[in-house]
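Here's the structure we're looking at; comments come further down.
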Amino acid sequence: MMMIDMTDATDRMVSLLASVSEDQFDLPTPCPGARLGDLVDHVGTFATRFTAVAHKQGRGGPTRPSAANLEAGWRDRITDGLRTCADAWRQSEAWEGMTVVRGAELPAEVAGLVVLDELVVHGWDIAVSTGQPYEPSVPDIEAALSFVESFDAPRDGNLFGPVVPVPDSAAPLDKLLGLTGRDPSWQPPTV
């Protein structure tokens, strides 16, 4: 059984969110159709949902992320949710057997990799949108990359967008981003 400690990836996300202000919520992101506030809301939602998944208490389908869902104390709520999610996945039982995500049963190990992939990739999305430095750990990138390479998901934008080709010599993070439908050279439009 594989287990991955999400602490570093969670700490990086919490640090990124600590530097996001409400006046940045309308910034564009590399995620088509999602502004920064929408993406922040998505991070909070997936943390809560995947805590339940770790406990084998699958939750319902996705709701459309929206900055409008972010209340005055959103940063503390999402930080707590992320830390609770990381703690839940620190338990060996979270990685064992089967669990349910979006109504579909899948191996718990795969669900854990989804969490890591969400943290790494959306961490990059938030960092590049807000101009923050971002350096996920090599083990986190490699684990997320192995998941995305092995996961045969539709590339329709629901889970991943169409693959963005990157050179074979590209850095592992750039390969991961390309496989999830992101252009590693994306930058926010200049005003």
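Structure summary
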{"quantity": "Residue list for the stretch 99-112, restricted to those being open to solvent by less than 20 Å² (accessible area, probe 1.4 Å) and under 16 Å from the mean Cα position of the chain (by Cα)", "calculated": "A111, G112"}
{"quantity": "Cross-chain or 6+ apart pairs with Cβ under 8 Å, the stretch 110-137 first and over 12 Å from T10 (Cα atoms) and in contact (Cβ under 8 Å) with a residue 40 or more places away in the chain, then part of a helix (DSSP H, G or I) and of a type in the set (S, T, Y)", "calculated": "L113/S146"}
{"quantity": "Failed item, numbered, when F160 is tested on (1) at pLDDT 95 or above; (2) open to solvent by less than 20 Å² (accessible area, probe 1.4 Å)", "calculated": "(1)"}
{"quantity": "Helices (runs of 4 or more DSSP H) contained entirely in the stretch 67-154, each with at least 3 residues that are under 21 Å from A170 (Cα atoms) and modelled with pLDDT under 95", "calculated": "138-150"}
{"quantity": "Tally of residues being outside any helix (DSSP H, G or I) and closer than 22 Å to G97 by Cβ across the stretch 19-60", "calculated": "6"}
{"quantity": "Any chance R182 is in a loop (DSSP other than H, G, I, E, B), open to solvent by 70 Å² or more (accessible area, probe 1.4 Å), basic (K, R) and touching a residue at least 40 places away in the same chain (Cβ under 8 Å)", "calculated": "no"}
{"quantity": "Condition check for M98: of a type in the set (A, V, I, L, M), in contact with an Asp or Glu (Cβ under 6 Å, 6 or more places away or on another chain) and under 29 Å from P162 (Cβ atoms)", "calculated": "no"}
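The values are calculated or read from the model by the stated rules, or taken from the named source; none is laboratory data. Note that the coordinates shown come from a computational prediction; the quantities given were computed from them, not determined experimentally. Heads up, the Cβs are rebuilt from the backbone with ideal geometry, glycines too, and the neighbour counts pull from every protein chain shown. Accessible surface areas use protein heavy atoms only, side chains included; no ligands, DNA or RNA. Shrake-Rupley method; radii C 1.70, N 1.55, O 1.52, S 1.80 Å.
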